[in-house]
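A short worksheet on the structure shown next.
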Amino acid sequence: MDLSSLKPPAGAKKRRKRIGCGPGSGHGKTATKGHKGTQARSGNTMHAWYEGGQMPLQRRIPKRGFTNIFRVEFQVINLRDLDRFDANSTVDVDKLLESGLVRKTGGKVKLLGDGELNKALTITVHACSKKAREAVEKAGGKVDIVG
């Protein structure tokens with residue numbers, strides 16, 4: 001046996017359906033499109049979610065709640081994450097980006113009070129919890145809020 005004698009099994013290869021080539025092709029007249037309707041017309045592009053005139057799924061299901069378009073998303077940093085910085089250094093959003101604690105550039109950052117801080121740091125963020133501010137000031141540091 002060699003590669004030149006290999007053949008696909010019977011029925012594995014199907015001939016292409018040649019539509020719109022007249023009655024001799026076996027697919028004449030309506031060219032397999034049936035009679036009338038959207039799918040029989042040229043230029044038809046039906047969306048994958050089209051349900052044939054039935055009430056679409058996204059309109060059938062009940063709606064709950066709403067999305068607040070004015071919501072402000074914060075990237076969260078905890079006190080325990082700030083151990084990697086040197087004592088008496090200034091920690092701002094750019095330094096947090098460099099260290100990988102914050103991912104989005106131009107995003108707002110909030111400091112939360114989970115963990116402990118034993119170094120005096122000057123932290124510049126967009127928002128800060130009360131517990132986090134107290135912990136930073138207790139360690140001898142300072143929190144600056146950017147507008």
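Tell me which residues, restricted to region 103-147, are on the phi > 0 side of the Ramachandran plot and touching a residue at least 24 places away in the same chain (Cβ under 8 Å).
Scanning region 103-147 gives a single hit, G115.
Determine, yes or no, whether Q54 is open to solvent by 100 Å² or more (accessible area, probe 1.4 Å), part of a helix (DSSP H, G or I) and not charged (D, E, K, R).
So Q54 does not fit the description; no.
From the residues in region 83-114 that are of a type in the set (D, E, K, R) and farther than 23 Å from G147 by Cβ, which one is surrounded by the fewest Cβ atoms within 10 Å (Cβ to Cβ)? Before the answer, list the steps.
Quick first cut of region 83-114, residues of a type in the set (D, E, K, R) only: 83-84, 86, 92, 94-95, 98, 103-104, 108, 110, 114.
Still in the running and farther than 23 Å from G147 by Cβ: 83-84, 86, 114.
Details: D83: 12, R84: 10, D86: 8, D114: 15.
Result: D86.
Need pairs with beta-carbon distance below 6 Å; first residue within 17 Å of G22 (Cα to Cα) and within region 33-45, second among the small types (G, A, S) and surrounded by 10 or more Cβ atoms within 10 Å (Cβ to Cβ); sequence gap 6+ or separate chains.
K33/A40; G34/A40
Tell me which residues, restricted to region 67-82, are part of a loop (DSSP other than H, G, I, E, B) and either among the hydroxyl-bearing types (S, T, Y) or surrounded by 14 or more Cβ atoms within 10 Å (Cβ to Cβ) (or both).
Start the filter on region 67-82 by keeping residues that are part of a loop (DSSP other than H, G, I, E, B), which leaves 67-73.
Correct list: T67 only.
Name the one entry in L101, L97, L79, L117 that is hydrophobic (A, V, I, L, M, F, W, C), modelled with pLDDT of 90 or more and touching a Gly at 6+ places or on another chain (Cβ under 6 Å).
Answer to the check: L79.
Check region 37-45 and report whether any residue there is small (G, A, S) and either within 30 Å of G100 (Cα to Cα) or open to solvent by 100 Å² or more (accessible area, probe 1.4 Å) (or both).
Step one: of region 37-45, the residues small (G, A, S) are 37, 40, 42-43.
Going one step further and asking which of them are either within 30 Å of G100 (Cα to Cα) or open to solvent by 100 Å² or more (accessible area, probe 1.4 Å) (or both), we end up with 42.
Yes; the residues of region 37-45 include at least one that is small (G, A, S) and either within 30 Å of G100 (Cα to Cα) or open to solvent by 100 Å² or more (accessible area, probe 1.4 Å) (or both).
The values are calculated or read from the model by the stated rules, or taken from the named source; none is laboratory data. Bear in mind the structure is a predicted one, so any value in this text is a computation, not a measurement. For neighbour counting, all protein chains shown are included, and Cβ atoms are generated from backbone atoms with ideal geometry for every residue, glycine included. These area figures cover heavy atoms from the full protein model, side chains too; ligands, DNA and RNA do not enter into them. Shrake-Rupley method; radii C 1.70, N 1.55, O 1.52, S 1.80 Å.
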